[in-house]
1. Using 7 Å Cα-to-Cβ label points, what is the Ala55/Leu76 separation (nm, one decimal)?
2. Longest span of the chain, sites excluded, free of GluC sites (Glu not before Pro) in DSSP loop with at most 13 other C-beta atoms within 10 Å?
3. Accessible area per residue for the chain in Å², computed with a 1.4 Å probe and the full protein assembly in place, what is it?
4. What Kirkwood Rh does the chain have if only Cα atoms enter the pairwise 1/r average? Answer in Å.
5. Please list, by residue number, every one of the trypsin sites (Lys or Arg not before Pro) in segment 1-100 that is coil in DSSP and has at most 15 other beta-carbon atoms within 10 Å.
6. I need the calculated FRET efficiency for the pair Glu36 and Arg15, taking r as the beta carbon distance and R₀ as 25 Å, to the nearest 0.05.
7. Below 13 angstrom from the Cβ of Arg60, what's the summed charge of the other residues (Lys, Arg +1; Asp, Glu -1)?
8. How large is the helix-only mean residue ellipticity at 222 nm for the chain, computed as the sum of -39500 (n - 2.57) over DSSP H runs with n ≥ 4, divided by its residue count, in deg cm²/dmol to the nearest 500?
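The values are calculated or read from the model by the stated rules, or taken from the named source; none is laboratory data. Predicted model only: the values in this text are computed from it and were never measured. Counting neighbours? That spans all protein chains shown, and the Cβs are built from the backbone with ideal geometry, glycine included. Accessible surface areas use protein heavy atoms only, side chains included; no ligands, DNA or RNA. Shrake-Rupley method; radii C 1.70, N 1.55, O 1.52, S 1.80 Å.
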Amino acid sequence: MAEETAAETEISPERAGELIESGAFLVDVRRPYEWEAGRIAGAQHIEMNDLANSAESVPRGRPVVFYCRSGSRSALAAAAFRQAGWDAYNLDGGLTAWVERGRELDPPDGEVAPPKPGT
C-alpha cells in the first residue's frame, strides 16, 4: 500500500509543469540559500522546517506540488500533506530533474545550489 501512495505522489517534471500551468500551488521546501540560487517561477518558499507551522497557507482546493533539490525532502512533505487531506505531489528528482529536462529557472540565469557542508 505504501508503494502505491508513493507512486501516486511522485510526478515527472513534465507532469509537474502541466499541473503548475493548470493552477497547482507550488512549494519550494529548500533552504534560503538554495531558493536564492534558483527556483521554479511562481513557487512559494516554505522551508521544510516551517511547513507544519505554515500548513494553513497551503490551499486545499487545488493540487500542491512540492519540490527540493533532489526530491527527498519534498517527498516527505508531499506524503505528510497527502495524508492530511491535500491533493499533494512530489517533483520526482527535484529541481535537478527539472533542469535536466530543459525546464527554466527563475531567475533565468539561476542554478540548482549544491548542498553546503553541515546543512
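1. The modelled label-to-label distance comes out at 1.6 nm.
2. Looking at the chain, 1-103 is the longest stretch - no exposed GluC sites (Glu not before Pro) with at most 13 other Cβ atoms within 10 Å.
3. Per-residue value: 55 Å².
4. The answer is 14.1 Å.
5. Answer by residue number: Arg60.
6. With R0 = 25 Å, the Cβ-Cβ based efficiency is 0.40.
7. Overall, the nearby charge balance is 0.
8. Value at 222 nm, helices only, nearest 500: -10000 deg cm²/dmol.
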